[in-house]
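Rule-based calculations on the coordinates, nothing more; no lab input. What you see is a predicted model, and the numbers here were worked out from it, not measured in a lab. Note: ideal-geometry Cβ built from the backbone for every residue, glycine included; neighbour counts use all protein chains shown.
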Amino acid sequence: MRLVILGGPGSGKGTQAKWLSDYFKIPMISTGNILRNAISEQTQLGKKAQDYVEKGELLPNEIMIEFMREHLEKNALDKGWILEGYPRTAFQAEELDFLLETLEQKLNYAIYLEVSEPVMKQRSLRRSLMDDQPEIIEHRINIFKQYTIPLLDYYQGTKRLLTIAGEASTDEVGQEILSKIIH
């Protein structure tokens with residue numbers, strides 16, 4: 001099973017990705033967590049990413065695409081995986097499909113957790129991550145809105161988009177995802 005979890009800040013992407021990872025016994029790849037660790041360890045990726053993450057900006061496509069290529073090739077994830085936090089743009093989604101084709105893999109579904117803006121703000125403020133400051137959250141929500149529609153349109157066009165109401169309880173959201181994946 002190969003899944004992408006999409007949603008705005010605080011939509012529950014990480015929570016649902018972890019739950020699905022445990023359920024299907026496949027690795028979860030959280031780009032946000034990997035980038036935060038890379039920044040704290042000041043790796044080469046961390047140094048490139050730090051300014052973008054601290055301002056709530058998306059990393060340039062070329063950095064993210066190369067990062068994902070290295071990660072998927074290096075870690076022999078041919079049994080399946082869940083991507084959380086990538087792709088963020090339609091261009092990245094297309095590049096992911098090209099990469100998967102070269103790896104002889106295929107994405108099963110892109111799962112969009114639909115959550116209202118007030119709920120995104122409330123949940124993000126409760127998390128207390130280094131980049132969860134009110135003005136940064138607001139900026140990240142605006143960026144999310146700007147890039148999400150083309151991304152959702154891309155996956156809708158490829159018949160792989162599952163839209164899930166993300167404001168229900170964690171268990172209810174997880175069960176709704178499963179009911180759509182395992183028909």
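Using alpha carbons only, how many angstrom separate the centre of the range 1-39 from the centre of the range 145-166?
So the separation of the two Cα centres works out to 17 Å.
So for the pair GLN50, ASN108, with labels modelled 7 Å out along Cα→Cβ, what separation do we get in nm?
Spacing of the two 7 Å Cα→Cβ label points: 3.9 nm.
Taking 30 Å as R0, compute the FRET efficiency from the Cβ-Cβ separation of GLN156 and GLN42 and round it to 0.05.
The calculated FRET efficiency here is 0.15.
What spacing in nm lies between the two simple spin-label points modelled at PHE91 and LYS74, each 7 Å away from Cα in the Cβ direction?
Once both label points are built, they end up 2.4 nm from each other.
Putting +1 on Lys and Arg Cβ atoms and -1 on Asp and Glu Cβ atoms, find which of ILE65, PHE24, ILE141 reaches farthest to the positive end of the dipole of the chain.
PHE24
Rounded, prolate or oblate, given the Cα gyration tensor of the range 52-183, with a/c below 1.5 counting as rounded?
Oblate, because a/c is 1.5 or more while a/b does not exceed b/c.
Using only helices, what value at 222 nm comes out for the chain when you add -39,500 (n - 2.57) per DSSP H run of length 4 or more and divide by the total residues, to the nearest 500 deg cm²/dmol?
Helix-only estimate at 222 nm: -19000 deg cm²/dmol.
Applying a 10 Å radius around every beta-carbon, put 173-183, 7-17 in order of their mean neighbour count, most first.
So the order, starting with the most tightly packed, is 7-17, 173-183.
So how many Å³ per residue does the convex hull of the Cα atoms of the range 8-111 work out to?
Numbers: hull volume 11.3 nm³, N = 104.
About 109 Å³ per residue, rounded to a whole number.
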